[in-house]
1. Look through segment 22-50, keep the residues that are of a type in the set (A, V, I, L, M), closer than 24 Å to H171 by Cα and away from the ligand (no atom under 12 Å from the Cβ), and return whichever of them is farthest from the chain's Cα centre (by Cα).
2. May I ask you to list pairs of residues, at least six apart or on different chains, whose Cβ atoms are under 8 Å apart, with the first in segment 295-308 being under 12 Å from T354 (Cα atoms) and open to solvent by less than 10 Å² (accessible area, probe 1.4 Å) and the second being away from the ligand (no atom under 13 Å from the Cβ) and at pLDDT 95 or above?
3. When only residues in segment 222-242 that are charged (D, E, K, R) and at pLDDT below 95 count, which is surrounded by the most Cβ atoms within 10 Å (Cβ to Cβ)?
4. Which is within 24 Å of H234 (Cβ to Cβ) and at pLDDT 95 or above, of T75, T26?
5. Report, by residue number, each residue of segment 157-179 that is free of Cβ contacts under 8 Å to residues at least 40 places away in the same chain and part of a strand (DSSP E or B).
6. Out of all the residues in segment 332-355, is one or more acidic (D, E), in a helix (DSSP H, G or I), out of contact with any Phe, Trp or Tyr (no Cβ under 6 Å at 6 or more places or on another chain) and within 14 Å of the ligand (Cβ to nearest atom)?
7. Spot the failing condition for Y115; the list is (1) out of contact with any Asp or Glu (no Cβ under 8 Å at 6 or more places or on another chain); (2) hydroxyl-bearing (S, T, Y); (3) open to solvent by 20 Å² or more (accessible area, probe 1.4 Å), and only one is missed.
Amino acid sequence: MHTLKGTPAHLTGGPAGVKLPRMARTQVGIVGAGPAGLVLAHLLGERGIESVVLERHTRDYIEHRVRAGLLEHRTVELLREHGLGGRMLELGQVHRGTELRFDGQRHRIPYSDLYGGRTMLVYPQQELVADLVRLRLAADGEIVFEADDVALHDIESERPSLTYRENGACHELECGFIAGCDGFHGVSRPSIPPGALTTYGFELPFAWLGIIAAVAPSTSEIIYALHERGFAGHMLRTNEISRFYLQVEPDDDIANWPDDRIWFELRTRFATNDGWTLREGPILEKSITDMRSFIAEPMRHGRLFLAGDAAHIVPPSGAKGMNLAISDARVLSEALAAWYGSGSTALLDSYSETCLRRVWRVQEFSNWMSWMIHKIPDGVPDASFRRRLQRAQLEYLTTSPSAAASFAENYVGLEDV
Ligand code: RFL
(Lines give C-alpha, C1' and ligand atoms only; values in the text may rest on other atoms or scores of the structure.)
Protein backbone atom coordinates (compact mmCIF):
# COMPACT_ATOMS: atom_id res chain seq x y z
CA MET A 1 0.00 0.00 0.00
CA HIS A 2 1.25 3.41 -0.95
CA THR A 3 2.36 5.59 1.94
CA LEU A 4 0.82 8.98 2.44
CA LYS A 5 4.19 10.58 3.03
CA GLY A 6 4.04 14.18 1.92
CA THR A 7 0.26 14.21 1.84
CA PRO A 8 -1.37 17.35 3.20
CA ALA A 9 -2.83 17.00 6.70
CA HIS A 10 -6.38 17.55 5.49
CA LEU A 11 -6.17 14.29 3.55
CA THR A 12 -4.60 12.11 6.25
CA GLY A 13 -7.36 12.53 8.73
CA GLY A 14 -5.55 15.47 10.36
CA PRO A 15 -8.13 18.10 11.12
CA ALA A 16 -11.31 16.74 12.67
CA GLY A 17 -14.22 16.00 10.37
CA VAL A 18 -12.22 15.49 7.15
CA LYS A 19 -12.64 12.12 5.44
CA LEU A 20 -9.78 9.83 4.45
CA PRO A 21 -9.08 9.78 0.73
CA ARG A 22 -10.52 7.18 -1.63
CA MET A 23 -7.66 5.37 -3.36
CA ALA A 24 -7.48 4.59 -7.07
CA ARG A 25 -4.69 3.76 -9.47
CA THR A 26 -3.73 4.69 -12.99
CA GLN A 27 -0.66 4.47 -15.17
CA VAL A 28 -0.40 8.16 -15.97
CA GLY A 29 -2.02 10.88 -13.87
CA ILE A 30 -2.45 13.99 -16.00
CA VAL A 31 -2.97 17.37 -14.36
CA GLY A 32 -4.84 19.78 -16.65
CA ALA A 33 -7.28 19.36 -19.55
CA GLY A 34 -5.75 21.85 -21.96
CA PRO A 35 -4.35 20.89 -25.36
CA ALA A 36 -1.26 19.22 -23.82
CA GLY A 37 -3.13 17.08 -21.28
CA LEU A 38 -5.96 16.05 -23.59
CA VAL A 39 -3.76 15.17 -26.56
CA LEU A 40 -1.49 13.18 -24.23
CA ALA A 41 -4.47 11.27 -22.82
CA HIS A 42 -5.57 10.38 -26.36
CA LEU A 43 -2.18 9.28 -27.61
CA LEU A 44 -1.66 7.13 -24.51
CA GLY A 45 -5.15 5.65 -24.76
CA GLU A 46 -4.52 4.69 -28.37
CA ARG A 47 -1.55 2.61 -27.16
CA GLY A 48 -3.51 0.98 -24.38
CA ILE A 49 -1.98 3.09 -21.59
CA GLU A 50 -4.49 4.23 -18.95
CA SER A 51 -4.67 7.77 -17.70
CA VAL A 52 -6.87 10.00 -15.59
CA VAL A 53 -7.05 13.72 -16.33
CA LEU A 54 -7.69 16.07 -13.38
CA GLU A 55 -9.04 19.47 -14.41
CA ARG A 56 -9.80 22.22 -11.97
CA HIS A 57 -12.47 23.98 -14.06
CA THR A 58 -15.85 22.82 -15.35
CA ARG A 59 -16.20 21.27 -18.78
CA ASP A 60 -18.24 24.23 -19.93
CA TYR A 61 -15.57 26.68 -18.82
CA ILE A 62 -12.69 25.04 -20.67
CA GLU A 63 -14.81 24.60 -23.80
CA HIS A 64 -15.50 28.34 -23.96
CA ARG A 65 -12.22 29.86 -22.76
CA VAL A 66 -11.00 31.94 -25.70
CA ARG A 67 -7.34 31.32 -26.50
CA ALA A 68 -5.27 30.54 -29.55
CA GLY A 69 -6.36 30.04 -33.09
CA LEU A 70 -3.51 29.17 -35.40
CA LEU A 71 -2.36 25.58 -35.87
CA GLU A 72 0.90 24.60 -37.52
CA HIS A 73 0.91 22.15 -40.39
CA ARG A 74 2.64 19.55 -38.17
CA THR A 75 0.02 19.90 -35.42
CA VAL A 76 -2.82 19.47 -37.90
CA GLU A 77 -1.17 16.35 -39.34
CA LEU A 78 -0.69 14.83 -35.90
CA LEU A 79 -4.33 15.40 -34.93
CA ARG A 80 -5.52 14.08 -38.27
CA GLU A 81 -3.37 10.94 -38.14
CA HIS A 82 -4.73 10.09 -34.70
CA GLY A 83 -8.38 10.61 -35.59
CA LEU A 84 -8.68 13.82 -33.53
CA GLY A 85 -9.12 16.30 -36.36
CA GLY A 86 -12.47 15.51 -37.99
CA ARG A 87 -14.32 18.65 -36.96
CA MET A 88 -11.17 20.77 -37.18
CA LEU A 89 -10.64 19.76 -40.82
CA GLU A 90 -14.29 20.38 -41.61
CA LEU A 91 -14.57 23.81 -39.97
CA GLY A 92 -10.99 25.16 -39.87
CA GLN A 93 -9.79 27.66 -42.47
CA VAL A 94 -6.69 26.80 -44.46
CA HIS A 95 -4.16 29.65 -44.73
CA ARG A 96 -1.31 29.96 -47.21
CA GLY A 97 0.10 33.42 -46.58
CA THR A 98 0.18 36.36 -44.22
CA GLU A 99 0.43 40.12 -44.59
CA LEU A 100 2.90 42.51 -43.00
CA ARG A 101 1.93 46.17 -43.04
CA PHE A 102 4.16 49.14 -42.36
CA ASP A 103 4.33 52.69 -43.74
CA GLY A 104 0.83 52.15 -45.11
CA GLN A 105 2.19 49.48 -47.49
CA ARG A 106 1.04 45.88 -47.67
CA HIS A 107 3.53 43.03 -48.08
CA ARG A 108 2.34 39.46 -48.51
CA ILE A 109 4.50 36.53 -47.44
CA PRO A 110 3.31 33.46 -49.35
CA TYR A 111 4.59 31.01 -46.73
CA SER A 112 2.99 27.97 -48.25
CA ASP A 113 4.75 28.47 -51.60
CA LEU A 114 8.00 29.07 -49.73
CA TYR A 115 7.75 25.94 -47.60
CA GLY A 116 6.81 23.02 -49.79
CA GLY A 117 3.07 23.73 -49.94
CA ARG A 118 2.55 23.34 -46.18
CA THR A 119 -0.37 25.34 -44.84
CA MET A 120 -1.65 26.66 -41.49
CA LEU A 121 -5.13 26.14 -40.12
CA VAL A 122 -7.23 28.65 -38.21
CA TYR A 123 -9.34 26.78 -35.67
CA PRO A 124 -10.09 28.21 -32.20
CA GLN A 125 -8.36 26.46 -29.32
CA GLN A 126 -11.58 26.14 -27.32
CA GLU A 127 -13.19 24.27 -30.22
CA LEU A 128 -10.26 21.88 -30.31
CA VAL A 129 -10.48 21.40 -26.54
CA ALA A 130 -14.21 20.65 -26.89
CA ASP A 131 -13.49 18.09 -29.63
CA LEU A 132 -10.76 16.42 -27.57
CA VAL A 133 -13.00 16.21 -24.48
CA ARG A 134 -15.89 14.74 -26.45
CA LEU A 135 -13.67 12.15 -28.17
CA ARG A 136 -11.92 11.21 -24.93
CA LEU A 137 -15.18 10.66 -23.08
CA ALA A 138 -16.56 8.68 -26.04
CA ALA A 139 -13.50 6.41 -25.76
CA ASP A 140 -14.32 5.86 -22.04
CA GLY A 141 -11.38 8.02 -21.00
CA GLU A 142 -11.57 9.51 -17.53
CA ILE A 143 -11.56 13.26 -17.02
CA VAL A 144 -12.38 14.62 -13.58
CA PHE A 145 -13.73 18.17 -13.94
CA GLU A 146 -13.79 20.55 -10.97
CA ALA A 147 -10.96 18.64 -9.28
CA ASP A 148 -10.07 20.95 -6.38
CA ASP A 149 -6.83 21.21 -4.43
CA VAL A 150 -4.87 18.93 -6.72
CA ALA A 151 -1.54 18.10 -5.05
CA LEU A 152 1.41 16.02 -6.22
CA HIS A 153 3.26 13.64 -3.89
CA ASP A 154 6.37 11.45 -3.92
CA ILE A 155 7.34 12.52 -7.43
CA GLU A 156 10.91 11.31 -6.85
CA SER A 157 9.69 7.81 -5.95
CA GLU A 158 8.48 5.02 -8.22
CA ARG A 159 4.95 5.51 -6.91
CA PRO A 160 4.00 9.12 -7.21
CA SER A 161 0.43 10.08 -6.43
CA LEU A 162 -2.11 12.83 -6.83
CA THR A 163 -4.64 13.92 -4.27
CA TYR A 164 -7.67 16.09 -4.98
CA ARG A 165 -11.19 16.86 -3.87
CA GLU A 166 -14.27 16.28 -5.99
CA ASN A 167 -17.64 17.46 -4.68
CA GLY A 168 -15.99 17.82 -1.28
CA ALA A 169 -14.77 14.19 -1.14
CA CYS A 170 -11.02 13.53 -0.92
CA HIS A 171 -9.42 11.20 -3.43
CA GLU A 172 -5.97 9.76 -3.92
CA LEU A 173 -4.73 8.54 -7.28
CA GLU A 174 -1.62 6.39 -7.29
CA CYS A 175 0.23 6.77 -10.60
CA GLY A 176 3.08 5.22 -12.54
CA PHE A 177 3.94 8.69 -13.81
CA ILE A 178 2.51 12.20 -13.52
CA ALA A 179 2.22 14.56 -16.47
CA GLY A 180 2.07 18.20 -15.38
CA CYS A 181 -0.01 19.79 -18.15
CA ASP A 182 -1.60 22.47 -15.98
CA GLY A 183 -0.35 25.60 -17.67
CA PHE A 184 1.86 28.39 -16.39
CA HIS A 185 -0.10 28.95 -13.15
CA GLY A 186 -0.61 25.26 -12.30
CA VAL A 187 0.60 23.24 -9.32
CA SER A 188 2.93 20.83 -11.10
CA ARG A 189 5.98 23.00 -11.68
CA PRO A 190 5.92 24.46 -8.12
CA SER A 191 5.88 20.86 -6.79
CA ILE A 192 9.45 20.41 -7.98
CA PRO A 193 11.92 21.21 -5.17
CA PRO A 194 13.52 24.64 -5.43
CA GLY A 195 16.94 24.34 -6.98
CA ALA A 196 16.06 21.38 -9.20
CA LEU A 197 14.90 23.64 -12.03
CA THR A 198 16.70 26.40 -13.86
CA THR A 199 14.29 29.02 -15.11
CA TYR A 200 14.81 31.64 -17.80
CA GLY A 201 12.46 34.43 -18.68
CA PHE A 202 11.41 38.02 -18.81
CA GLU A 203 8.38 40.21 -19.42
CA LEU A 204 8.33 41.92 -22.80
CA PRO A 205 7.61 45.66 -22.69
CA PHE A 206 4.35 45.24 -24.64
CA ALA A 207 0.90 43.83 -23.96
CA TRP A 208 -1.99 42.90 -26.24
CA LEU A 209 -5.48 44.21 -25.90
CA GLY A 210 -7.44 41.47 -27.62
CA ILE A 211 -11.04 41.76 -28.80
CA ILE A 212 -13.56 39.43 -30.36
CA ALA A 213 -16.01 41.29 -32.58
CA ALA A 214 -19.20 40.16 -34.28
CA VAL A 215 -18.09 41.27 -37.70
CA ALA A 216 -16.98 39.58 -40.90
CA PRO A 217 -13.23 39.72 -41.43
CA SER A 218 -11.83 42.55 -43.54
CA THR A 219 -9.10 40.29 -44.88
CA SER A 220 -8.68 36.72 -46.03
CA GLU A 221 -5.23 36.40 -44.42
CA ILE A 222 -3.85 37.39 -41.02
CA ILE A 223 -2.44 40.93 -40.90
CA TYR A 224 0.42 42.09 -38.67
CA ALA A 225 0.61 45.90 -38.84
CA LEU A 226 3.31 48.10 -37.36
CA HIS A 227 2.32 51.76 -37.01
CA GLU A 228 3.96 54.61 -35.10
CA ARG A 229 1.10 54.27 -32.55
CA GLY A 230 1.90 50.58 -32.07
CA PHE A 231 1.09 47.11 -33.37
CA ALA A 232 -2.32 46.03 -34.63
CA GLY A 233 -3.23 42.48 -35.57
CA HIS A 234 -6.18 41.20 -37.56
CA MET A 235 -6.68 37.47 -36.91
CA LEU A 236 -9.44 35.34 -38.30
CA ARG A 237 -12.05 33.16 -36.68
CA THR A 238 -15.21 32.60 -38.75
CA ASN A 239 -17.16 34.42 -41.42
CA GLU A 240 -19.12 36.23 -38.70
CA ILE A 241 -16.52 36.66 -35.94
CA SER A 242 -13.11 38.36 -36.07
CA ARG A 243 -10.28 38.71 -33.59
CA PHE A 244 -8.15 41.84 -33.30
CA TYR A 245 -5.17 42.83 -31.19
CA LEU A 246 -3.76 46.22 -30.28
CA GLN A 247 -0.42 46.85 -28.64
CA VAL A 248 -0.94 48.58 -25.28
CA GLU A 249 1.25 49.31 -22.25
CA PRO A 250 1.79 46.28 -19.99
CA ASP A 251 0.13 48.09 -17.06
CA ASP A 252 -2.80 49.45 -19.08
CA ASP A 253 -6.33 48.92 -17.80
CA ILE A 254 -9.17 47.62 -19.93
CA ALA A 255 -11.36 50.38 -18.44
CA ASN A 256 -9.29 52.86 -20.50
CA TRP A 257 -10.52 51.23 -23.70
CA PRO A 258 -14.13 52.02 -24.61
CA ASP A 259 -15.21 50.46 -27.92
CA ASP A 260 -14.92 53.71 -29.91
CA ARG A 261 -11.30 54.13 -28.89
CA ILE A 262 -10.51 50.55 -29.91
CA TRP A 263 -12.03 50.98 -33.38
CA PHE A 264 -10.29 54.34 -33.84
CA GLU A 265 -6.91 52.78 -33.04
CA LEU A 266 -7.55 49.77 -35.26
CA ARG A 267 -8.61 51.98 -38.18
CA THR A 268 -5.58 54.22 -37.74
CA ARG A 269 -3.00 51.48 -37.31
CA PHE A 270 -4.29 49.39 -40.23
CA ALA A 271 -4.66 52.35 -42.64
CA THR A 272 -3.04 51.77 -46.03
CA ASN A 273 -2.19 53.92 -49.03
CA ASP A 274 -4.51 51.89 -51.26
CA GLY A 275 -7.85 52.57 -49.59
CA TRP A 276 -8.25 49.31 -47.67
CA THR A 277 -11.14 49.58 -45.21
CA LEU A 278 -11.87 47.94 -41.88
CA ARG A 279 -15.29 46.49 -41.16
CA GLU A 280 -16.53 47.30 -37.66
CA GLY A 281 -19.09 45.61 -35.45
CA PRO A 282 -20.15 44.99 -31.86
CA ILE A 283 -17.32 43.99 -29.52
CA LEU A 284 -18.21 40.78 -27.69
CA GLU A 285 -15.15 40.39 -25.47
CA LYS A 286 -12.06 42.35 -24.59
CA SER A 287 -9.06 41.64 -22.38
CA ILE A 288 -5.41 42.56 -21.93
CA THR A 289 -2.69 39.88 -22.06
CA ASP A 290 0.91 40.38 -20.92
CA MET A 291 3.70 39.07 -23.04
CA ARG A 292 6.18 36.84 -21.36
CA SER A 293 8.98 34.48 -22.25
CA PHE A 294 9.67 31.67 -19.82
CA ILE A 295 11.41 28.31 -19.89
CA ALA A 296 11.98 25.86 -17.01
CA GLU A 297 14.70 23.26 -17.47
CA PRO A 298 14.70 20.29 -17.30
CA MET A 299 11.07 19.47 -18.09
CA ARG A 300 11.23 16.45 -15.79
CA HIS A 301 11.79 15.74 -12.13
CA GLY A 302 11.72 12.09 -11.08
CA ARG A 303 8.43 10.71 -12.33
CA LEU A 304 6.88 14.10 -13.02
CA PHE A 305 7.05 15.29 -16.64
CA LEU A 306 6.04 18.86 -17.49
CA ALA A 307 4.41 19.59 -20.85
CA GLY A 308 3.13 22.74 -22.55
CA ASP A 309 2.72 26.07 -20.77
CA ALA A 310 3.58 24.39 -17.45
CA ALA A 311 7.18 24.33 -18.67
CA HIS A 312 7.40 27.19 -21.13
CA ILE A 313 5.65 30.34 -22.35
CA VAL A 314 6.35 32.10 -25.61
CA PRO A 315 5.00 35.54 -26.50
CA PRO A 316 1.82 35.06 -28.56
CA SER A 317 3.11 36.97 -31.63
CA GLY A 318 4.33 33.78 -33.31
CA ALA A 319 1.12 31.84 -32.42
CA LYS A 320 3.11 28.91 -31.09
CA GLY A 321 2.13 28.04 -27.50
CA MET A 322 -0.58 25.49 -28.26
CA ASN A 323 1.52 23.99 -31.03
CA LEU A 324 4.42 23.49 -28.61
CA ALA A 325 2.07 22.02 -25.99
CA ILE A 326 0.82 19.42 -28.48
CA SER A 327 4.36 18.69 -29.64
CA ASP A 328 5.44 17.98 -26.03
CA ALA A 329 2.44 15.66 -25.61
CA ARG A 330 3.51 13.68 -28.66
CA VAL A 331 7.11 13.29 -27.43
CA LEU A 332 5.93 12.29 -23.95
CA SER A 333 3.43 9.76 -25.27
CA GLU A 334 6.18 8.06 -27.29
CA ALA A 335 8.50 7.97 -24.27
CA LEU A 336 5.81 6.48 -22.00
CA ALA A 337 4.83 3.98 -24.68
CA ALA A 338 8.46 2.80 -24.90
CA TRP A 339 8.56 2.41 -21.12
CA TYR A 340 5.28 0.51 -20.89
CA GLY A 341 6.13 -1.53 -24.00
CA SER A 342 9.68 -2.62 -23.25
CA GLY A 343 10.79 -1.04 -19.99
CA SER A 344 13.18 1.23 -21.90
CA THR A 345 13.94 4.51 -20.17
CA ALA A 346 15.87 5.98 -23.12
CA LEU A 347 13.06 8.20 -24.43
CA LEU A 348 11.96 9.23 -20.95
CA ASP A 349 15.57 10.23 -20.24
CA SER A 350 15.82 12.26 -23.44
CA TYR A 351 12.28 13.77 -23.17
CA SER A 352 13.38 17.12 -21.78
CA GLU A 353 16.26 17.58 -24.19
CA THR A 354 14.13 16.59 -27.18
CA CYS A 355 11.36 19.05 -26.30
CA LEU A 356 13.69 21.87 -25.31
CA ARG A 357 15.43 21.90 -28.68
CA ARG A 358 12.13 22.86 -30.29
CA VAL A 359 11.08 25.11 -27.41
CA TRP A 360 14.24 27.24 -27.63
CA ARG A 361 13.96 27.48 -31.45
CA VAL A 362 10.35 28.64 -31.11
CA GLN A 363 11.23 30.96 -28.24
CA GLU A 364 13.85 32.64 -30.40
CA PHE A 365 11.43 32.97 -33.34
CA SER A 366 8.60 34.31 -31.18
CA ASN A 367 10.89 36.91 -29.61
CA TRP A 368 12.36 37.90 -32.97
CA MET A 369 8.87 38.35 -34.35
CA SER A 370 7.65 40.23 -31.27
CA TRP A 371 10.43 42.80 -31.52
CA MET A 372 9.83 43.16 -35.26
CA ILE A 373 6.11 43.94 -35.15
CA HIS A 374 5.74 46.08 -32.01
CA LYS A 375 6.48 49.73 -31.53
CA ILE A 376 9.59 49.77 -29.35
CA PRO A 377 8.65 51.82 -26.28
CA ASP A 378 10.76 54.85 -25.37
CA GLY A 379 11.79 53.34 -22.04
CA VAL A 380 13.60 50.39 -23.67
CA PRO A 381 17.40 50.82 -23.56
CA ASP A 382 18.76 51.94 -26.95
CA ALA A 383 15.19 52.37 -28.26
CA SER A 384 16.17 54.54 -31.22
CA PHE A 385 18.90 52.11 -32.27
CA ARG A 386 16.52 49.16 -31.95
CA ARG A 387 13.92 50.97 -34.08
CA ARG A 388 16.45 51.33 -36.90
CA LEU A 389 17.32 47.64 -36.58
CA GLN A 390 13.61 46.83 -36.70
CA ARG A 391 13.25 48.81 -39.93
CA ALA A 392 16.20 46.91 -41.49
CA GLN A 393 14.62 43.64 -40.37
CA LEU A 394 11.23 44.47 -41.94
CA GLU A 395 12.80 45.63 -45.21
CA TYR A 396 14.93 42.48 -45.43
CA LEU A 397 12.01 40.17 -44.72
CA THR A 398 9.78 41.81 -47.31
CA THR A 399 12.39 42.01 -50.09
CA SER A 400 14.60 38.93 -49.72
CA PRO A 401 13.21 35.53 -50.80
CA SER A 402 15.73 33.81 -48.50
CA ALA A 403 14.59 35.83 -45.50
CA ALA A 404 10.95 35.14 -46.37
CA ALA A 405 11.70 31.40 -46.71
CA SER A 406 13.31 31.35 -43.27
CA PHE A 407 10.28 33.13 -41.83
CA ALA A 408 8.00 30.63 -43.60
CA GLU A 409 9.57 27.52 -42.11
CA ASN A 410 9.54 28.97 -38.59
CA TYR A 411 6.02 30.37 -38.83
CA VAL A 412 4.47 27.28 -40.39
CA GLY A 413 6.55 25.15 -38.02
CA LEU A 414 9.86 23.40 -38.51
CA GLU A 415 9.41 19.70 -39.10
CA ASP A 416 12.43 18.18 -37.44
CA VAL A 417 13.62 20.24 -34.51
P1 RFL B 1 -3.52 25.38 -20.87
O2 RFL B 1 -4.27 25.53 -22.13
O3 RFL B 1 -3.30 26.55 -20.02
O4 RFL B 1 -4.24 24.23 -20.04
C5 RFL B 1 -3.91 23.96 -18.70
C6 RFL B 1 -5.11 23.34 -18.05
O7 RFL B 1 -4.77 23.02 -16.69
C8 RFL B 1 -5.82 23.44 -15.83
N9 RFL B 1 -5.24 23.68 -14.49
C10 RFL B 1 -5.42 22.84 -13.46
N11 RFL B 1 -6.09 21.70 -13.35
C12 RFL B 1 -6.07 21.06 -12.14
N13 RFL B 1 -5.45 21.59 -11.04
C14 RFL B 1 -4.76 22.73 -11.12
N15 RFL B 1 -4.15 23.24 -10.05
C16 RFL B 1 -4.71 23.42 -12.37
N17 RFL B 1 -4.15 24.57 -12.79
C18 RFL B 1 -4.48 24.71 -14.08
C19 RFL B 1 -6.34 24.71 -16.49
O20 RFL B 1 -7.68 25.01 -16.07
C21 RFL B 1 -6.28 24.32 -17.97
O22 RFL B 1 -7.47 23.70 -18.40
O23 RFL B 1 -2.05 24.76 -21.15
P24 RFL B 1 -1.50 23.83 -22.31
O25 RFL B 1 -2.32 22.58 -22.46
O26 RFL B 1 -0.06 23.73 -22.05
O27 RFL B 1 -1.77 24.68 -23.67
C28 RFL B 1 -1.07 25.88 -23.90
C29 RFL B 1 -1.92 26.83 -24.74
O30 RFL B 1 -3.17 27.01 -24.09
C31 RFL B 1 -1.26 28.19 -24.96
O32 RFL B 1 0.13 28.03 -25.16
C33 RFL B 1 -1.85 28.94 -26.18
O34 RFL B 1 -3.16 29.39 -25.92
C35 RFL B 1 -0.94 30.12 -26.59
N36 RFL B 1 -1.49 30.91 -27.70
C37 RFL B 1 -1.41 30.44 -29.00
N38 RFL B 1 -0.86 29.24 -29.26
C39 RFL B 1 -0.83 28.76 -30.54
O40 RFL B 1 -0.29 27.65 -30.76
N41 RFL B 1 -1.41 29.46 -31.59
C42 RFL B 1 -2.00 30.68 -31.39
O43 RFL B 1 -2.55 31.26 -32.32
C44 RFL B 1 -1.97 31.24 -30.06
N45 RFL B 1 -2.52 32.45 -29.81
C46 RFL B 1 -2.09 32.14 -27.44
C47 RFL B 1 -2.59 32.91 -28.53
C48 RFL B 1 -2.22 32.62 -26.14
C49 RFL B 1 -2.79 33.86 -25.92
N50 RFL B 1 -2.92 34.31 -24.59
C51 RFL B 1 -4.20 34.21 -23.98
C52 RFL B 1 -1.73 34.28 -23.77
C53 RFL B 1 -3.15 34.15 -28.31
C54 RFL B 1 -3.23 34.65 -26.99
C55 RFL B 1 -3.80 36.04 -26.77
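The values are calculated or read from the model by the stated rules, or taken from the named source; none is laboratory data. If you're wondering where the values come from, they're calculated on a predicted model, not measured in any experiment. As a convention, Cβ positions derive from the backbone with ideal geometry for all residues, glycine included, and neighbour counts pool all protein chains shown. Only protein heavy atoms, including side chains, enter the accessible area calculation; ligands, DNA and RNA are left aside. Shrake-Rupley method; radii C 1.70, N 1.55, O 1.52, S 1.80 Å.
1. Going through the qualifying residues, I end up with M23.
2. Taking only residues 6 or more apart or on different chains, the pairs are M299/Y351; M299/S352; M299/L356.
3. Narrowing segment 222-242 to residues charged (D, E, K, R): 228-229, 237, 240.
This time we only want the ones that are at pLDDT below 95, so: 237, 240.
Details: R237: 18, E240: 11.
For segment 222-242, the residue satisfying everything is R237.
4. T75
5. Once the filter is applied, which keeps residues that are free of Cβ contacts under 8 Å to residues at least 40 places away in the same chain and part of a strand (DSSP E or B), segment 157-179 yields R165, E166.
6. no
7. Result: Y115 passes all but (1).
Conditions (1) surrounded by 15 or more Cβ atoms within 10 Å (Cβ to Cβ); (2) in contact with a Lys or Arg (Cβ under 7 Å, 6 or more places away or on another chain); (3) on the phi < 0 side of the Ramachandran plot, marked per residue:
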{"site": "A337", "(1), (2), (3)": "yes, yes, yes"}
{"site": "W371", "(1), (2), (3)": "yes, no, yes"}
{"site": "D382", "(1), (2), (3)": "no, no, no"}
{"site": "L389", "(1), (2), (3)": "no, no, yes"}
{"site": "E415", "(1), (2), (3)": "no, yes, yes"}
